[in-house]
């Protein structure tokens, strides 16, 4: 035979509005982090979009037409484009690669992280709004008690 107990854990009351305070902090943090994630998302998009023009301006594609000093300068500009791409998006360019196609795996891999981070903070914002709009939060916690030894009950038979 098992006994079932339900224990209710209540957070908040009429006097102390703890859920609203926790919800307000979650909302503030989520809004700030969404702004940050949005900035990183748009910065990543701009860096990926501007990588090909940056490489073209560096002159790395015309190395055979340049003298040694200009080749060194073109290599330094190309390395600056690669470093900027890596620092902002985390995407590394293979040796000798001078462009990123909009339909390539590198392009979309660099964008999915910031976009998903933005949506994660949007979900946290919704959770914060849910917590803020509740005056009290009640969490049911179940506890089961099971007897270790079953009781032996002998039924006496009635004599007729």
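Answer yes if at least one residue in the range 62-74 is at pLDDT 90 or above, over 15 Å from residue 112 (Cα atoms) and in contact with a helix residue (DSSP H, G or I) (Cβ under 9 Å, 6 or more places away or on another chain), and no otherwise. For the range 62-74, residues at pLDDT 90 or above, over 15 Å from residue 112 (Cα atoms) and in contact with a helix residue (DSSP H, G or I) (Cβ under 9 Å, 6 or more places away or on another chain): absent.
Consider residue 19 carefully, then state whether it is out of contact with any helix residue (DSSP H, G or I) (no Cβ under 8 Å at 6 or more places or on another chain) and either modelled with pLDDT of 85 or more or surrounded by 14 or more Cβ atoms within 10 Å (Cβ to Cβ) (or both). In short, no. With (1) more than 21 Å from residue 60 (Cα to Cα); (2) assigned to a helix (DSSP H, G or I); (3) over 14 Å from the mean Cα position of the chain (by Cα) as the list, and residue 114 as the residue in question, which single condition is left unmet? Only one criterion is unmet by residue 114, namely (3). Whether a residue is over 14 Å from residue 51 (Cβ atoms), outside any loop (DSSP other than H, G, I, E, B) and modelled with pLDDT under 90 was assessed, and residue 141 passes this test. Of (1) under 24 Å from residue 34 (Cα atoms); (2) part of a helix (DSSP H, G or I); (3) at pLDDT below 95, residue 119 satisfies all except one. Which? Unmet condition: (3). Among residues of the range 91-107 being in contact with a helix residue (DSSP H, G or I) (Cβ under 7 Å, 6 or more places away or on another chain) and loosely packed, with under 14 Cβ neighbours inside 10 Å, the one that is modelled with the highest pLDDT is 92.
Restricting attention to the range 37-61, which residues are within 10 Å of residue 118 (Cα to Cα) and free of Cβ contacts under 8 Å to residues at least 24 places away in the same chain? Across the range 37-61, the qualifying residue is only 39.
The values are calculated or read from the model by the stated rules, or taken from the named source; none is laboratory data. Here the structure is a predicted model, which means the values were calculated and not measured. Every residue, glycine among them, receives a Cβ derived from its backbone with ideal geometry; neighbour counts consider all protein chains shown.
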